[in-house]
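The values are calculated or read from the model by the stated rules, or taken from the named source; none is laboratory data. All values reported here derive from a predicted model rather than from experimental measurement. As a convention, Cβ positions derive from the backbone with ideal geometry for all residues, glycine included, and neighbour counts pool all protein chains shown.
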């Protein structure tokens, strides 16, 4: 019985080694690279009311697109309507982390987005602040 127990551990160890190797496990530890977020530098970078693909994936990842659209009301105000309020990038960061429902009385209150990484909030705020305020 002891031989069977040892044999089963050896088989399990070989199985785990095989899976690890097949999945790219090598002698070097896996270190994920941090995604590079491009923060817009020019006003009005969204031509034709479209969200740039990099920003769209960031907004989708953080569930923003469930309530906001580029140029029309959904559950919350559009990104253009937010930009038209003239908030600074710093104010937008704070409002994303801790929304103030009184600022948008015609909409349901937004949930605080405190779980979103600061770099991502900074990128979203910079993008919104770069939208046309017309």
*With the checklist (1) more than 22 Å from residue 134 (Cβ to Cβ); (2) modelled with pLDDT under 90 in hand, flag the one item residue 46 doesn't pass.*
(1)
*Select from region 82-121 the residues that are within 23 Å of residue 72 (Cβ to Cβ) and either touching a residue at least 60 places away in the same chain (Cβ under 8 Å) or in contact with a helix residue (DSSP H, G or I) (Cβ under 6 Å, 6 or more places away or on another chain) (or both) and list them in ascending order.*
82, 83, 92, 96, 109, 113
*asked:* Give all pairs with beta carbons closer than 6 Å in which a residue from region 123-134 that is at positive phi meets a residue that is modelled with pLDDT under 95 and surrounded by fewer than 22 Cβ atoms within 10 Å (Cβ to Cβ); count only pairs at least 6 apart in sequence or on separate chains.
replied: none
*Hey, does region 59-67 have a residue that's closer than 19 Å to residue 106 by Cβ and either free of Cβ contacts under 8 Å to residues at least 12 places away in the same chain or not in a helix (DSSP H, G or I) (or both)?*
yes
